[in-house]
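J.: The structure follows.
The values are calculated or read from the model by the stated rules, or taken from the named source; none is laboratory data. The shown structure was predicted, so the numbers you read here are calculated from the model rather than taken from an experiment. Here Cβ is always computed from backbone atoms with ideal geometry, including for glycine, and neighbour counts include all displayed protein chains.
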Amino acid sequence: MTVRFSNALAAVVLGVGLLVAPAAFVDLQAQDRESAAEEQTTASDAQAAREAKKEAKRRARQERIDAYLERVAERKAEKERRRTEQEAQQPPAAQQAAEAPAARPARAEAEAGADEAQGSARQERINAYLERKAEKDEARAARRAEKEREKRERMARELETRDERQAAARQREVAGERQKAARRSEGRRSAASRPAVTAASRGGRRAAPARRGGPAALAQAQQRIRQSTLGQDETVRAYLDLFDNDEATAAQYATFANYLAQGGMIEDAFIYYDRATGMDPDNALLWLNVGTLYRQAGSPAQAADSYAKAIRLAPNNALAHYNMGVALGEMDRYEEAIDELSIALRLDPTLADPEKNPQAVNNELLLPVKLRLYQNQAGAAGLPLVEVPEEDPDSPAPEKRRRRR
């Protein structure tokens, strides 16, 4: 029974729904039509507004174009009016043709005069520049000549002072030799009983060999060398044959003498250098090597004489001044030695460099020489003034320092 009641109720509800549904559907369709009509009206209004806006823009643009065309026409008319007025004011063409030939030469003459004036002004500037340049060149040449003259005078004074010192030193040496000769004469009686003083007792220096020049000494040296083991060498025999035929030059005699000196044959080297200096006495290098032989033989005084000859022949030879300073130092004449070494280093500063001159390591006199040269170049032993900065980042500012006070 209950089931049947439920089914009947559902049927009633379904029937009511079927009756109500068509009415609701009809209402929805009406609402859709109204919405479509409103939308169509809105779209039509928007389209009309856009069209109106476009039309306004078109009219404004057309107005601007018309205004521009009016201005162009006005300017064209103004130009035409002015041209007409100018044509009315100008003379006829025949009159212009008659006046043109007369005006042309005057204008050409004026232009030529202007060009000539410009050219004259440009030439005057060039001449003034050349005159200033010539004056500067003359002043520069005068300064250079003055410096060269001062340098020559300074070198002459130094050489003169050195020669005076050397002359005084030679006089002292001669006086010392005389005193030594006097003392030797006084003790001559007891000299025979005294033991001979050897080279080792004199500090290991060898006595200077006696100078033996002339053809006889040269012939003896030639024969002695031929009979020695040195004479078996082909190069040595070629040199000896050259000397025997009297076909050798001074340079060849010096080369052979250097070869003998390097082999320890100092006495024979002196003989060949005697021959070389006799053939070419004005060759400074020969006297330089003779002085070196005397130094190797332990005679610095004779070495100094030879170096002095080399310096007289070649005053700017740095090696001659350097060796002269070394020889004077061996004679305990230190002031003169320092003078000579100073001149040598001025002429060739590399002589103080051990890489260029290994003997500089053992030369103790080069230190005072370098100090003297530095003082002459710098002017003082102290350093120059230093720059004081305006602001120190590590110090307080002036305002802060005043506030602290």
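J.: Scanning for something under 30 Å from Met331 (Cβ atoms), in a helix (DSSP H, G or I), modelled with pLDDT of 80 or more and over 39 Å from the mean Cα position of the chain (by Cα), does the stretch 181-191 turn up at least one residue? If you could, list the steps in order and put the result at the bottom.
T.: Quick first cut of the stretch 181-191, residues under 30 Å from Met331 (Cβ atoms) only: 181-188, 190-191.
With in a helix (DSSP H, G or I) added as a condition, the list becomes 181-186, 188, 190-191.
Retained after the next criterion (residues that are modelled with pLDDT of 80 or more): none.
No - not one qualifying residue is present in the stretch 181-191.
J.: Quick check on Glu153: is it touching a helix residue (DSSP H, G or I) at 6+ places or on another chain (Cβ under 7 Å) and at pLDDT 80 or above? Quick ask: steps written out before the conclusion?
T.: Values: touching a helix residue (DSSP H, G or I) at 6+ places or on another chain (Cβ under 7 Å): no; at pLDDT 80 or above: yes.
Taking the combined requirement at face value, the residue does not satisfy it.
J.: When you go through (1) within 15 Å of Ala169 (Cβ to Cβ); (2) outside any helix (DSSP H, G or I) one by one for Pro315, which number turns out not to apply?
T.: Among (1) within 15 Å of Ala169 (Cβ to Cβ); (2) outside any helix (DSSP H, G or I), the lone unmet condition for Pro315 is (1).
J.: Taking Leu260, is it assigned to a helix (DSSP H, G or I), modelled with pLDDT of 90 or more and under 25 Å from Leu218 (Cβ atoms)? Show your work before the answer.
T.: Values: assigned to a helix (DSSP H, G or I): yes; modelled with pLDDT of 90 or more: no; under 25 Å from Leu218 (Cβ atoms): yes.
Against the criterion (assigned to a helix (DSSP H, G or I), modelled with pLDDT of 90 or more and under 25 Å from Leu218 (Cβ atoms)), Leu260 does not qualify.
J.: Further question: Scan the stretch 244-270 residue by residue and report those that are farther than 25 Å from Met331 by Cα and touching a helix residue (DSSP H, G or I) at 6+ places or on another chain (Cβ under 6 Å).
T.: Scanning the stretch 244-270 gives Ala248, Ala250, Tyr253, Ala254, Phe256, Ala257, Leu260, Asp268.
J.: Going by what's in this entry, would Leu260 be described as surrounded by fewer than 19 Cβ atoms within 10 Å (Cβ to Cβ) and aliphatic (A, V, I, L, M)?
T.: No; evaluated as a whole, the condition is false for this residue.
J.: Taking the condition of being surrounded by fewer than 24 Cβ atoms within 10 Å (Cβ to Cβ) and of a type in the set (A, V, I, L, M, F, W, C), how many residues in the stretch 327-342 meet it?
T.: Pass one, the stretch 327-342, residues surrounded by fewer than 24 Cβ atoms within 10 Å (Cβ to Cβ): 329-339, 342.
Now drop any that are not of a type in the set (A, V, I, L, M, F, W, C), which leaves 331, 337-338.
Total meeting the criteria: 3.
J.: Does Ala238 count as in a helix (DSSP H, G or I) and surrounded by fewer than 16 Cβ atoms within 10 Å (Cβ to Cβ)?
T.: Numbers: in a helix (DSSP H, G or I): yes; surrounded by fewer than 16 Cβ atoms within 10 Å (Cβ to Cβ): yes.
Criteria met by Ala238.
J.: Test of understanding: among Ala139, Ala114, Ala108, which residue is surrounded by 10 or more Cβ atoms within 10 Å (Cβ to Cβ) and at pLDDT 90 or above? I'd like the intermediate steps shown before the answer.
T.: Details: Ala114 fails: at pLDDT 90 or above; Ala108 fails: at pLDDT 90 or above.
None of the others qualify; the one that does is Ala139.
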